[in-house]
Structure formats: C-alpha cells, structure tokens
1. Could you check how many residues of the stretch A:243-282 are touching a Ser or Thr at 6+ places or on another chain (Cβ under 8 Å), under 20 Å from A:ALA224 (Cα atoms) and of a type in the set (A, V, I, L, M, F, W, C)?
2. Could you say whether any residue in the stretch B:109-117 is touching a helix residue (DSSP H, G or I) at 6+ places or on another chain (Cβ under 9 Å) and not in a helix (DSSP H, G or I)?
3. Kindly evaluate A:GLY111 against the criterion of being touching a Phe, Trp or Tyr at 6+ places or on another chain (Cβ under 8 Å), without any contact (Cβ under 8 Å) to a residue 40 or more places away in the chain and either within 13 Å of chain B (Cβ to nearest Cβ) or crowded, with 24+ Cβ neighbours inside 10 Å (or both).
4. Looking only at the stretch A:267-293, filter to residues that are of a type in the set (Val, Ile, Thr) and either farther than 26 Å from B:VAL133 by Cβ or crowded, with 19+ Cβ neighbours inside 10 Å (or both); which one of those is modelled with the highest pLDDT?
5. Filter the stretch B:289-307 for residues that are crowded, with 21+ Cβ neighbours inside 10 Å and either more than 13 Å from B:ILE80 (Cα to Cα) or free of Cβ contacts under 8 Å to residues at least 40 places away in the same chain (or both) and give the result.
6. Restricting the stretch B:156-195 to residues that are touching a residue at least 12 places away in the same chain (Cβ under 8 Å), of a type in the set (Val, Ile, Thr) and not in a loop (DSSP other than H, G, I, E, B), which is nearest to the other protein chains (Cβ to nearest Cβ)?
7. Could you count how many residues in the stretch B:310-341 are more than 13 Å from chain A (Cβ to nearest Cβ) and either in a helix (DSSP H, G or I) or within 16 Å of the chain's Cα centre (by Cα) (or both)?
8. Do any residues in the stretch A:232-248 that are closer than 23 Å to A:ILE162 by Cβ have Cβ atoms under 7 Å from those of residues that are part of a loop (DSSP other than H, G, I, E, B) and at pLDDT below 80, where the two are at least six apart or on different chains, and which pairs are they?
Amino acid sequence: MTGRLIAGARRRPAGFAVLLVIVLIVVNTIVQPAFASWNQVAPTLGTMAPFAIAGMASTPAFLSGGGGIDLSVAPLIGFINILLVTKLFGTPFGSPFLAVPILLAVGAAIGAINGVMVARLRIPPVIATLGTYFVLSGVDLDLVPNPVTASPNWTDHLAGSIGPVPGALVTIGVPLALWYVLRRSAFVESLLAVGDHDATAFSAGMNVNAVRISAYALGGLIAAIGGIALTGLVQSADSQTFGNYLLVALAAVALGGANLTGGRGGLFPSVMGAASIFLLENLLTSLHTSAYFIQVAYGAVLFVAVLFGARLFRQESTA
Amino acid sequence: MSASTSPTPPSSPSAVPGALPDSAAHETALRRFVRFGPLLQLVSVVVLFLLTALTITGFFTKSSVYATLVLASFLGIAAIGQTIVILIGGIDLSVPALISGANLVCTFLSGHHWPFGLVIVFVLGCAAIVGFVNGYTVHRFSVPPLIVTLATGAVVTGLTLGWTKGGQVSGQVPNWLTSFSSPIGRFFGIDIPPIVVTWGLIAIALSIVLHMTAPGRRLYATGANERAAQLAGVRTRRIWVAAFAISAVAAASVGILLVGFTGTGEAGVGDPYLFTSLAAVLVGGTSLVGARGDYSRTVLGALILTLLTTLLVGHGAGEALQEILFGVLILLFVGVYGRDQRVRDRV
C-alpha cells in the first residue's frame, strides 16, 4: 500500500504540494470564513502572485542540472519593479504595450547573462548568480535609496481584478501557458534531458550550452513578469522588498517536488509549492501567531519537504 | 605534497604530479607557488592596502589598520566553517542565523545574570547541535545542503527572536570580552587586538590540521571523491557532521565576539555574513566543487573584502556601489580560478 502510494507520488511529485494546498485552503476557510468569499479571491491571489512567480522563475535553473540554481531571481524582480516605477511610468514607454515587452526583454537578457556565465564561462551556478545577485541588489539600492511611490498606473489591475477576472490569474497564468507551449516543443524535453545527465545529452548530440542559456533566460523572463506583478501589488519601488522572495522562491521549488539536481519538475509544482507556503503563512497570521513562530514553521516545512522529496527520489538518484 | 592539497585544475594534464617527472622534479617551491598558490589574492591584498593607505588620509595609522584587521577577523572567523564545509563539497547558509542568534541569546542570558562561562558553553553547545542536525540530515538523506541549512537557519532565527521577544535584549557582558574584540585591546601586554592574534593563531592551527594531520587528509579525501574516500575507510558521515558542527560553532563564536564589539545584542547583526562569508571563501580561490583550496586562502579573501570595503567607504561610496563591486569581484576571481569542466570533457 505504502509502496503504491510512493510509486504514485513519484509519478506526480507535485501531489504532495497540491494536497497541502487543498488542506490549507480548507483550514484557512474554517479559521476565517471570509477567506473563501469571492471578493477576497482577487486580492489574495494578487498578494500570492509574486511568491508564485518567483518560485516559477527559480525553477528552470534547477531543472537544467549541473548544480543549477538562480539566486538572482529576487533582486531581478526588484530591479524590474524599480525600472518600471522610476524609469518607465510617466514616460511614453510607460504604457503596457511598450513597458511589458521592454521589461520582459531586460529580464530575459539578464537571465541569459547568467546562462552564458554558467554554460560558456563554466562558472559554477551558485557563484555566477551570486555575483549577479550582488550587482543587481547594488544597482537596486543605487536607483532607489528610499522607497518611491508609483503614480497611478495600469499595474493596479494585476493585483486586483481585470473585469471579473482576478489579475493574478494573468500574471501567474502567462508563465504557465508559456511552459505549456514549450512542452509541446522540444525545449522542455531537452531541458530535462540535459538536467538529468548533461554528458549523455551532449553525446546524443544536444546543444547543452544553448539549452542551459535558454533555461536561465526563461527564468529571467519569468522574473520580469514577477517584477510587474510586484509593482501591481505594492505600487511603489523599494530596494528592500525583494529580500522576502529570495528564500521563498527556493523553498517553493523544493516543496513543489522538483528534483533540485535537475531532470524532473515543472512550473506548476513550483506554483503549488509557493501557494502552500503562502497559505501556511496566511493561516498562521490569521491565528495571530507571532511572526517568529511563522519563521520557525516555515523553516520546518522546508526541512520536511526536502526530506520528503529525498525519500521519493532516492532510488532513482542512485540508479 | 600530494595532488589533493594543491588546487590542481584537472583539465591541465601537466599539473598532475608524476605525469611530467622532469619538470616536476625541477620545480622550485617558488614556481609551485606562482602556479598553484594564491598569488592573485596576495597581490590584491597588497595593492588594496597600498591604495587605501595612499588615497585615504588617516588610514595608515595604527588605530585604523587595527580596526580594519578586527573587522577582517570577524569575517575570517565566520568563514572558518564555510571553508571547511565547502572543502567537502557542501555549503552553509545557516551562518548568519547562528551569528545573530548567538549574539541575541548571549546578551539576553547575561542580562538574566547567568554566569558568563555558562552562557558561552550553552550558546556554543546549542550551535553545535544545529550543526550536527545540518551535517547529519544532509549526509543521511543526501539532500541539498543549501536547502537544509536555509531551513535550519530560518528555525534558529525564529526561535531566538521569539525567545528574546524580538531581539529586545539588554545585558552587561564582561569587560574581558569587550577588550578582546576591541581594536584598542591588548594581547598579554602586547599592543595588538587580541581577536586579531587569535585569528592568526586559528589560521595557523587550521592550516596544520588541514594539511598535516589524518583528519585533514580525510576531509580532503571526502571532498575529492566521497565514494572513494568511503571505500578507503573514511567514515564520511562523521566528516560531514563534524564540518557542519565546526561551522555552526565558529558562527556562534562570531555572534558572541560581536557582543563584545558592539557592546550589546542586535537582531540581524549576522545578516551581512550570509554572502560575505561565502564571498571570502570564493574570492580566496577555494572551489565550490570541493577539495580544492584551504583556509589560508580564506584569510586572504577576508582581507581583500574588508580592505575593499574600507577603501570604498573611505571614498564615500555607498552601500550600493559596494555590493556591485562585491559581485564583480566574485565573478572575476572565480572566473580565473574555480571554473567547472567542459561538458565534452566529462563524456
């Protein structure tokens, strides 16, 4: 029985996180009935969106294997947020039709720089992205030493509603849709193959470097969407807020059940991972738990999740 | 000296001892150092020191130089564990949580009139337990040390802040601790800050342990190839547990020493050490892959980072520029030293 459960979970590693999300939604609703009311859904999703997107943005780097990790996601989200608020709003480039492509290009370019450092220059991913982390946080701090409030703008809807649709469904949905399309192409297949065993993928004729660079670029692109979602939520530019997303993003991927050494996982599991962290935090806050205990619970969940994941993948990793 | 102690790049076959017996036999100690030693780091320290001394008026005085050395000592001691953990192929992100936690709890307990000796034993004991949990979990369940230490770090931060009511601590620490961490402290009558002398002694002791004793050998063997080490009879789990325990205790010691330096406990005092302890190790040229590098390199790394900060602050550069240069520096040094193998060489 247990064996079948484990086998089932192995096929669907996100199962644990999905289950956790369902349980937490139910418990949140019991503790705080207003949680489930329709007019609460959009703001709740809007608050969750940057977490979920940060989780998704960190995922491709992990999947690409070779010790892949992207520590620069959080400051990149901050950088996009700052760029949008202080440089684009109030100029002709501030309209969504110009701002969004510009920001996505910037995000993807910075991601690609990480990718080039990892794949071409062969700098270990932790160090390459740590370097980018420092540079970006420095630039963030330089651009806005003090928080700047945004003038009224279109991103407002993204944290609230666009007509009857919660705006967060768009910001979370776009990366998911993109991933869905990429899964129909050879990209995701190649990414997982490279992440599983790069030397084998190379022997099979895959362009390992191109796949890795694209993976980091994709992460940067998703982080840019996160920056836009964050702007919608906070309506200001601040060089400190992104710090909240650094650890959560990594935890979300681990909790989602992705294999952190590459080769297995997707964006949806990371959204579920981020959602469970967000819901747990929400629950503990509505129970008036002290902020310190929330941090303890958060660490404990991460700890358990990573052990749970290890149990799932043990046989495969030694095979 | 065998290959495991020198940071030999595996991609260059000429670096393997025995492969080219003629040139290897004639190689002098100086040439060895130029090829494998931390030459770039040493030059950087000297250049940064001269640059700081020449361009910042008032730096080249005993008090300023000592103050810089004291700051480097904190970083250097915090990076002891990080060095050892990285040498076996791990990474420890719980360092800042342990520094801040030890800092708070130490002040808190002295405020509650615990004897200070007991406070130290208690704090370091707790830290050792955290390190034990880190090392054991990572090794037993083969999970990424990055995530595990992140998780235990969050737990430690939450618990210590909760216990000390959000870090509102006040307590009197003994005078000897204050003068131990102070730039104007004296070491048995000699006019050098005791913490700097201690750091120097630790560096020498650690170098001897790493390079000349059996435990040091086992550590490098574990980092180079865990499976091979295991088959050769090294109990690698013990090595992992010990490395993380040392890392935690070293971090907690910095937390206690910082109480002496600032005179009180402060929440978040360890935060800057999250990445700077890592940066000191990496800028020193120790490789994240494991088994390449040693603590003397970290000493140089800590000096480079501290001098750079002093230089930048002296020229009125803000925190922003400091971080940017930190990032560039890490990429620069690692780009020269700790690069991975090509995929095509691993087929």
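The values are calculated or read from the model by the stated rules, or taken from the named source; none is laboratory data. The structure displayed is predicted, hence computed values, not measured ones. Cβ: placed from backbone, ideal geometry, glycine included. Neighbour counts: every protein chain shown.
1. Qualifying residue count for the region: 5.
2. If we filter the stretch B:109-117 for residues that are touching a helix residue (DSSP H, G or I) at 6+ places or on another chain (Cβ under 9 Å), which is where we start, we get B:109-110, B:114, B:116.
When the remaining residues are screened for being not in a helix (DSSP H, G or I), the result is B:114.
Among the residues of the stretch B:109-117, at least one is touching a helix residue (DSSP H, G or I) at 6+ places or on another chain (Cβ under 9 Å) and not in a helix (DSSP H, G or I), which makes the answer yes.
3. Taking the combined requirement at face value, the residue does not satisfy it.
4. Let us first name the residues in the stretch A:267-293 that are of a type in the set (Val, Ile, Thr), namely A:271, A:277, A:285, A:289.
Filter once more, keeping what is either farther than 26 Å from B:VAL133 by Cβ or crowded, with 19+ Cβ neighbours inside 10 Å (or both): A:271, A:277, A:285.
Numbers: A:VAL271: 93, A:ILE277: 87, A:THR285: 85.
Among those residues, the one meeting the criterion is A:VAL271.
5. Within the stretch B:289-307, B:ALA291, B:ARG292, B:LEU303, B:ILE304, B:LEU305, B:THR306, B:LEU307 meet the criteria.
6. Out of the qualifying residues, it is B:THR157.
7. First pass over the stretch B:310-341, keeping only residues more than 13 Å from chain A (Cβ to nearest Cβ): B:310-311, B:313-316.
Filter once more, keeping what is either in a helix (DSSP H, G or I) or within 16 Å of the chain's Cα centre (by Cα) (or both): B:310-311, B:313-314.
Of the residues in the stretch B:310-341, 4 are more than 13 Å from chain A (Cβ to nearest Cβ) and either in a helix (DSSP H, G or I) or within 16 Å of the chain's Cα centre (by Cα) (or both).
8. A:VAL234/A:THR241
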